[in-house]
Amino acid sequence: MMESDINWNSIYEILTGPALWFTFIFFVGGLLIRLAFLFRLSRKKDRVIYNHFSLAWGLRSIFQWMIPWASASMRQQPVFSIVAFIFHLSLLAVPLFLSAHIVLWEEAFGVRLWSMPDGLSDGLTLIFIAAALFLIARRRIRPEVRILTSAWDYALLGITMLPFITGFLAYHQWGPYEVLLILHILFSQILLILIPTTKLGHMVLFFLTRAFIGFEMGGRRGARSW
Amino acid sequence: MTSPTKKKFEFENNTDAPVDVDRVRAILNANDGARIRTWLSICSRCGLCAESCFVYVANDRDPRLSPAYKFSHTLGEMYRRKGKVDRAFLEKCYQIAWLQCTMCKRCSMYCPFGIDVATMIAVARSVCHSQGITPKQLAFFSDHCDKTGNHMGIPVEELVDTCEWMVEEVEDDYEGVTIPIDQPDAKYMYTVNPREPVYYPQDISYAAIIFAAAKESWTMPTFGWDCTNLPMFAGNRTLAGKQVKNVYDKAQELKAQHILITECGHAYRSMAFEGPYMAGYPDGKPPVKIKHYVQLLHEYLRDGRIQIDSDKKIKEPITYQDPCNVSRNGGLWEQARKIIPYIAEDFRDMAPNREHNHCCGGGGGIMPMGPDYKPYRMASGKLKADQIKATGAKFVITPCHNCFDQINDLSEEYDLGVKALSFKEIIVEAMIVPDHLKLECEK
Ligand code: HEM
Ligand code: HEM
Ligand code: SF4
Ligand code: SF4
Ligand code: SF4
């Protein structure tokens with residue numbers, strides 16, 4: 001069935017061994033370096049952040065934007081907001097709590113997380129794929145979004161979907177399992193590496209920019225930025 | 001956007017001189033801080049901000065008018081090109097930065113990341129300005145600021161004459177109304193928009209009457225009395241800093257407790273929030289407390305220092321135009337709404353309102369840019385016109401000179417049949433004249 005000159009096992013070993021460590025270190029380290037760099041820069045050039053810092057307004061601003069429809073802006077586009085919310089919820093929950101991943105976390109870090117039932121993760125995977133397709137369609141259909149969207153934006157949405165698609169196919173053994181599993185791990189690693197280096201860095205930077213506008217508008221002027 | 005004119009715009013200097021790339025780079029580098037860097041790199045191009053921008057909504061939702069498109073095609077592009085831009089590009093930036101964005105800051109409350117488009121458009125304006133691409137009128141007014149400290153270029157004697165003339169004007173109706181000039185140790189140093197001495201001198205007399213009625217300690221300075229900041233809108237940050245510093249320094253020299261700002265929106269934003277940074281105060285706080293006229297009137301009415309004759313309240317339906325720079329960017333929307341019940345019986349709020357208000361379309365410097373740009377103001381102001389119409393109001397109160405003129409223009413353009421009013425004129429009309437202001441014969 002398999003071509004004899006490719007040794008899937010050793011590729012798997014590398015991907016789940018050194019490559020996996022590299023990925024995690026790059027992912028966490030990259031985000032930390034980006035934060036450290038921005039922190040240093042802000043000390044020099046963004047006094048406005050420190051002059052008007054207010055924890056309470058910052059937290060309120062973050063909180064109001066994490067709950068679906070808590071902001072006026074989200075209420076203006078209710079369908080998009082709820083889809084984007086579900087998109088992110090599954091994007092974080094599935095990789096963290098998938099039972100197949102839990103085993104990996106335990107092997108690598110020795111921590112045992114709660115694992116979600118396979119039926120749930122399978123369902124969330126499908127929901128995620130549907131949500132991502134919706135976001136792609138929206139980018140095609142709405143003129144104000146279409147004009148902003150570059151090929152790279154589609155590519156990032158695609159790359160975000162690939163681990164889900166390949167993981168799903170591998171789980172159901174639809175197709176060549178070894179190849180799918182290797183592709184799954186490879187795409188996941190590419191995604192994790194892209195997070196610190198692209199707009200996906202918003203995973204952490206969201207909290208900072210959101211907090212800033214919260215106290216810039218709120219702490220300084222009493223205006224709610226949600 | 002409707003582009004009513006294909007003709008060349010009138011810049012500060014229409015030359016074909018090559019762009020001084022080093023100068024552009026210097027400005028880009030100086031502003032390349034953590035905030036702008038982060039905003040430019042994490043905008044997810046989700047387009048949520050579009051619907052929040054009145055310019056976009058009012059101009060048939062042209063996708064090129066969304067806030068994200070506008071900053072990406074101005075400042076974003078400047079950084080992507082590492083400052084290597086040409087004149088044709090800067091002229092396109094000019095249209096976006098001056099004709100399609102009033103820096104009202106509404107979109108930053110509607111972006112999931114809170115990306116502050118207005119701040120980035122301001123930097124784009126600075127870059128354009130550094131190459132002489134500035135609206136001609138704003139450059140002209142800035143020049144006045146540089147030479148005389150006020151954008152109308154009014155000499156000191158003329159200001160003093162106007163004040164004396166205004167005192168004479170009210171002598172027939174009130175006793176003891178004065179305009180103290182350069183008086184030290186006053187509670188308030190009163191600063192105005194130079195449009196007042198030139199076009200609306202009665203605004204100064206209204207203020208004087210209100211101060212006299214409340215027995216206030218105040219003074220009118222002979223320098224540093226222009227609280228507006230057109231250089232800020234022209235993209236001339238250095239001069240903008242000087243403009244606010246003139247006022248701060250004068251207040252410190254006179255040992256005034258507060259700088260009081262007339263009913264003007266951007267003057268308050270400039271003096272209280274952005275001025276300290278432009279003038280180089282590292283802590284971002286103005287050296288003297290800043291108060292807007294709306295705050296003062298609210299205190300007077302609340303404390304009974306001014307009493308209103310309830311028969312003279314406005315009976316017709318009125319609405320309130322929240323000036324962006326008094327409400328969203330100044331935080332004073334509640335004070336204004338507390339004044340209104342004293343002076344009007346039938347108040348009908350616009351929707352949306354308070355910090356979520358829409359700009360009237362006259363902000364960001366486009367009003368003083370002159371009649372050539374009126375078509376843009378009218379097109380973008382359509383949203384405000386619709387909002388006003390929906391209230392059914394006959395009068396629109398607004399404590400901002402730009403909003404005031406824009407509302408009157410909109411009323412004419414869209415047959416709204418409304419008239420703009422400032423708080424001062426209503427208060428003077430409706431107040432119970434206290435005994436100490438009554439003429440001998442009336443007592
Ligand atoms: C980089 C390290 C990763 C490794 C080693 C890994 C490994 C695996 C393994 C072994 C499976 C199980 C396949 C099976 O059941 O036979 C799986 C499934 C899955 N993984 Fe990953 N994974 C990684 C990262 C990710 C990431 C980053 C995501 C999402 C962003 C993801 C999403 C999924 C999904 C959606 C499934 C299928 C779940 C289902 O349909 O039930 N994985 N992964
Ligand atoms: C706690 C972490 C995160 C937060 C708070 C967050 C927040 C946001 C926000 C506010 C947006 C813009 C509007 C929206 O679509 O809702 C967004 C968009 C997006 N995020 Fe995240 N995000 C997080 C993590 C991630 C991660 C880890 C990824 C990818 C690996 C990701 C991928 C995306 C993508 C692809 C979009 C664009 C959606 C589109 O194309 O319409 N996010 N995120
Ligand atoms: S600052 Fe105001 S005018 Fe400018 S893009 Fe944002 S909402 Fe539109
Ligand atoms: S709402 Fe914010 S993140 Fe979305 S396109 Fe507009 S500026 Fe970018
Ligand atoms: S003119 Fe009025 S509404 Fe428009 S930006 Fe200025 S304060 Fe805001």
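Using 14 Å as the cut-off for backbone N distance, which residues of segment B:9-52 belong to the label zone defined by a point 7 Å from the Cα of B:D86 along Cα→Cβ? What the label zone holds, given the 14 Å backbone N cut-off, is B:16-20. Rounded to the nearest 20, the Cβ-based charge dipole of the protein assembly as shown about its Cα centre (Lys and Arg +1, Asp and Glu -1) stands at 2080 debye. When a/c is below 1.5 the answer is rounded, else prolate if a/b is larger than b/c, else oblate, so apply that to chain B with a ≥ b ≥ c taken from the square roots of the Cα gyration tensor eigenvalues. Because a/c hits 1.5 or more and a/b exceeds b/c, chain B counts as prolate.
For the residues B:R305, A:R140, A:R75, a 1.4 Å probe over the protein chains yields an accessible-area ranking, largest first, of A:R75, A:R140, B:R305. For the protein assembly as shown, the solvent-accessible area works out to 42 Å² per residue, with a probe of 1.4 Å and every protein chain left in place. Our estimate of slack between B:D161 and B:T178, defined as 0.36 nm per intervening residue step minus the Cα-Cα distance, is 4.8 nm.
Please give the length that would be gained between A:A155 and A:L133 if that part of the chain were fully extended, namely 0.36 nm times their separation in residues minus their C-alpha to C-alpha distance (nm, one decimal). If you can, show how the numbers build up before the last one.
On the way: separation 22, 0.36 × 22 = 7.92 nm, distance 1.26 nm.
Answer, rounded to one decimal: 6.7 nm.
Pairs spanning more than 31 Å between alpha-carbon atoms, out of A:K44/B:K82; B:K250/B:K374; B:K82/B:K291; B:K215/B:K315; A:K44/B:K187; B:K312/B:K374: B:K250/B:K374; B:K82/B:K291; A:K44/B:K187; B:K312/B:K374. Every helix of 4 or more DSSP H residues in chain A counts as -39500 (n - 2.57), and over all residues that averages to -24500 deg cm²/dmol at 222 nm. The tail of the calculated P(r) for segment B:313-443, taken as Cα-Cα distances beyond 22 Å, holds 37 percent of the pairs. Put simply, the amide H of A:S71, placed in the peptide plane, has no neighbours under 5 Å, leaving out anything fewer than 5 places away on its chain. Estimated at 0.36 nm per residue, the fully extended path between B:D415 and B:K187 surpasses their Cα-Cα distance by 77.7 nm. Annotation for the A:B interface, with buried accessible surface near 4000 Å², both sides summed [1.4 Å probe; non-protein components not counted].
Each residue, B:T238 and B:H436, gets one label point 7 Å from its Cα in the Cβ direction; the gap between the two is 4.8 nm.
Rounded to the nearest whole Hz, the Karplus-based 3J(HN,Hα) values (6.51 cos²θ - 1.76 cosθ + 1.60, θ = phi - 60°) of segment A:148-160 follow the sequence 7, 7, 9, 4, 5, 5, 5, 4, 5, 4, x, 5, 5, with x at glycine and proline. Residues whose amide H falls under 5 Å from that of B:K419, counting only those 5 or more places apart or on a different chain, are B:F395, B:V396, with hydrogens built in the peptide plane. Comparing B:M232, B:G284, B:C264 along the charge dipole axis of segment B:139-302, the residue lying farthest to the positive side is B:G284, per the Cβ-charge model. Each label point was placed 7 Å from the Cα along the Cα-to-Cβ direction; for A:V204 and A:K44 their separation is 2.0 nm. The phi-based Karplus calculation (6.51 cos²θ - 1.76 cosθ + 1.60; θ = phi - 60°) puts the 3J(HN,Hα) values of segment B:171-185 at 4, 6, 10, 10, 9, x, 8, 10, 10, x, 9, 6, 7, x, 6 Hz, whole numbers, x for Gly and Pro. Here the 3J(HN,Hα) profile of segment B:55-70, calculated from phi with Karplus coefficients 6.51, -1.76 and 1.60 at θ = phi - 60°, is 5, 5, 5, 6, 9, 6, 6, 5, x, 6, 9, 6, x, 5, 5, 5 Hz, Gly and Pro shown as x. Close amide H contacts of B:G363 (hydrogens built in the peptide plane, cut-off under 5 Å, sequence separation of 5 or more or a different chain): none are found.
Over segment B:21-134, the Kirkwood radius and the radius of gyration, each from Cα atoms, give a ratio Rg/Rh of 0.95. Against the main long axis of the alpha-carbon atoms of chain B, helix B:201-213 sits at an angle near 50°. In a reduced charge model with +1 at each Lys and Arg Cβ and -1 at each Asp and Glu Cβ, segment B:196-285 shows a dipole moment near 240 debye about its Cα centre.
A:W8 versus B:Q202, label points 7 Å from Cα toward the beta carbon: distance in nm? Placing both labels 7 Å along Cα→Cβ, they lie 8.9 nm apart. The mean number of partner chain beta-carbon atoms within 10 angstrom of a residue's beta-carbon across peptide B:110-121 is 5. I need the shape label for segment A:49-187. Rule: rounded when a/c is under 1.5, else prolate if a/b > b/c, else oblate, with a, b, c from the alpha carbon gyration tensor. Cα axes put segment A:49-187 in the oblate bin. Mean projected area of the convex hull spanned by the Cα atoms of the protein assembly as shown, taken over all viewing directions: 34.1 nm².
In debye, nearest 20: dipole of chain A around its Cα centre with unit charges on the Cβ of K, R (+) and D, E (-)? Spell out each step's value before the answer.
Numbers: 19 positive and 12 negative charges, 389 e Å.
So the magnitude is around 1860 debye.
Restricting attention to segment A:145-186, which chymotrypsin sites (Phe, Trp or Tyr not before Pro) occupy a DSSP loop and are surrounded by at most 12 other Cβ atoms within 10 Å? Listed in order of number, the matching sites are A:W174. Comparing mean-square fluctuations of A:E178, A:E216, A:E144 from a GNM of chain A with C-alpha springs under 10 Å, the top value falls on A:E144. Output the pairs from B:K255/B:K285; B:K105/B:K242; B:K70/B:K245; B:K105/B:K338; B:K242/B:K338; B:K147/B:K255 with a Cα-Cα distance over 29 Å in this structure; if there are none, say none. Listed pairs above 29 Å: B:K70/B:K245; B:K242/B:K338.
The values are calculated or read from the model by the stated rules, or taken from the named source; none is laboratory data. Bear in mind that the values here come from a model prediction, so they are computed numbers and not experimental data. Note that we place each Cβ from the backbone using ideal geometry, even for glycine, and neighbour counts take in every protein chain shown. Just so you know, the surface numbers come from the protein's heavy atoms only, side chains and all, with ligands and any DNA or RNA stripped out. Shrake-Rupley method; radii C 1.70, N 1.55, O 1.52, S 1.80 Å.
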